[in-house]
Amino acid sequence: MNIFKTLIVEDNAIFRKLLTETLGAQFPVMAIEEAEEGREALQKIETLRPDLIFMDIKLPGENGLELTQAIKTKYPEIVVVMLTNYDLPEYREAAHRIGANYFIIKGSTTTEEVVKLVESILADIGFNPDGSRKGSPF
């Protein structure tokens, strides 16, 4: 597939919808899927094969760090952005240790910062700013 695929794994429906709408408006070609919890996320990863995952650290019945470690073990090429409300050094260290690529604090990161991060990720892995693959007619 020649479009950039993103999966948002977040149990907070309002935050998940806001992030989905922000990315959809800024990157109209990007395919965006959502998952509310870990099992659903793993199923969507198998079918979607996302390029990017926004992963909440605290999920119902799940630990986003453990889920990320499992994902990065099987799919090391997937870019993972950890999401949390808690800017704790132990969370940052654990996220880095298990292979998360980025770490975002929900309450203090602006929409513009998220958009710039995604633009940077797109450029790094060979996509145009709109989410289409470079050199692709789609």
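Worth pointing out:
- When the residues of region 39-62 are filtered to those that are modelled with pLDDT under 95 and in a strand (DSSP E or B), the one that is farthest from Ile105 (Cα to Cα) is Glu62.
- Residues being among the β-branched types (Val, Ile, Thr), touching a residue at least 40 places away in the same chain (Cβ under 8 Å) and surrounded by fewer than 22 Cβ atoms within 10 Å (Cβ to Cβ) - total across region 1-55: 3
- Check on Val80, among the β-branched types (Val, Ile, Thr), buried (at least 18 other Cβ atoms within 10 Å of the Cβ) and assigned to a strand (DSSP E or B): yes
- A single entry from Tyr102, Tyr75, Tyr91 fulfils the requirement of being surrounded by 14 or more Cβ atoms within 10 Å (Cβ to Cβ), of a type in the set (Phe, Trp, Tyr) and modelled with pLDDT under 95: Tyr91.
- Index of the failed condition, Leu65 passing every other in (1) assigned to a loop (DSSP other than H, G, I, E, B); (2) more than 12 Å from the chain's Cα centre (by Cα); (3) surrounded by 13 or more Cβ atoms within 10 Å (Cβ to Cβ); (4) at negative phi: (1)
- Beta carbons closer than 9 Å, at least 6 apart along the sequence or on distinct chains, pair a first residue in region 111-138 that is farther than 14 Å from Thr6 by Cβ and in a helix (DSSP H, G or I) with a second that is modelled with pLDDT under 90 and of a type outside the set (A, V, I, L, M, F, W, C) for Ala123/Pro129.
- Filtered residues of region 1-38 (kept if farther than 22 Å from Ser120 by Cβ, small (Gly, Ala, Ser), part of a helix (DSSP H, G or I) and within 14 Å of the chain's Cα centre (by Cα)): Gly38
The values are calculated or read from the model by the stated rules, or taken from the named source; none is laboratory data. Quick caveat, the model's predicted, so the values are computed rather than measured. All Cβ positions, even for glycine, are placed from backbone atoms using ideal geometry, and neighbour counts span all protein chains on display.
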